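The values are calculated or read from the model by the stated rules, or taken from the named source; none is laboratory data. All of these numbers come straight from a predicted model, not from anything done at the bench. Virtual Cβ from ideal backbone geometry, glycine too; neighbours counted across all protein chains shown.
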Amino acid sequence: MCESFKTNCVCGQKTAEIFFGKMVLTESAVAQVFCPNCSKDVERERYDRVWDNDWLIEFDMNVLQAHAASMGIAPQDVTAEWVFDQGYATWVGITPDDTKSRNQERAEIQQLAKTDLLAYYKAMKDWGLNREKKFMKEGWRKMGAPASTGGSKHNFES
């Protein structure tokens, strides 16, 4: 079973939920998470970091290298961006707090189901489509945003 875990930003003010797909990595792969406020002065061009809308996940490269064979990549080629984009360690949903925000938004719409089922179905459909458009416009990585805020690929030796 794939796992996820919630972790606080380095400032402790915001929480991100990270999904570990394909049953390879665990929370030991994540060194630190930085919210947009904390990432302002952080070095950008590093292979152990992945950027997404000014959020940053810093990975423990020793852990990633140790699991590289299980991910089908050579240890010297593994990068944070690759691990994130391939779904081995990524957000639960589209954003760091997607589960929380999605559940809150959905709960509001579900109130309609008690009074007007047709309006509820329409609202859910519109919500899903508008939500997707919003994430694309905001530039979230999982929505196909170019990786312009992150670093480039770097090889390194163990």
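Some observations on this one:
- Here 128, 144, 150 are screened, and the one residue that is modelled with pLDDT under 95 and at positive phi is 144.
- The stretch 57-109 - residue that is of a type in the set (Phe, Trp, Tyr) and part of a helix (DSSP H, G or I) and, of those, nearest to the chain's Cα centre (by Cα): 84
- Neighbours by Cβ (under 6 Å, 6+ apart or cross-chain): first from the stretch 11-28, farther than 13 Å from residue 96 by Cβ and in contact (Cβ under 8 Å) with a residue 40 or more places away in the chain; second among the charged types (D, E, K, R) and not in a helix (DSSP H, G or I): 20/3
- Out of 52, 48, 41, one residue alone is acidic (Asp, Glu), farther than 20 Å from residue 140 by Cβ and crowded, with 17+ Cβ neighbours inside 10 Å. It is 48.
- Of all residues in the stretch 3-25 being within 15 Å of the chain's Cα centre (by Cα) and part of a loop (DSSP other than H, G, I, E, B), the one that is farthest from residue 52 (Cα to Cα): 25
- Residue 101 meets each of the listed conditions (1) closer than 20 Å to residue 52 by Cβ; (2) in contact (Cβ under 8 Å) with a residue 24 or more places away in the chain apart from (2).
- Single unsatisfied condition, residue 70 versus (1) touching a helix residue (DSSP H, G or I) at 6+ places or on another chain (Cβ under 7 Å); (2) exposed (fewer than 14 other Cβ atoms within 10 Å of the Cβ): (1)
- Of all residues in the stretch 92-119 being among the hydrophobic types (A, V, I, L, M, F, W, C) and closer than 26 Å to residue 57 by Cα, the one that is surrounded by the most Cβ atoms within 10 Å (Cβ to Cβ): 94
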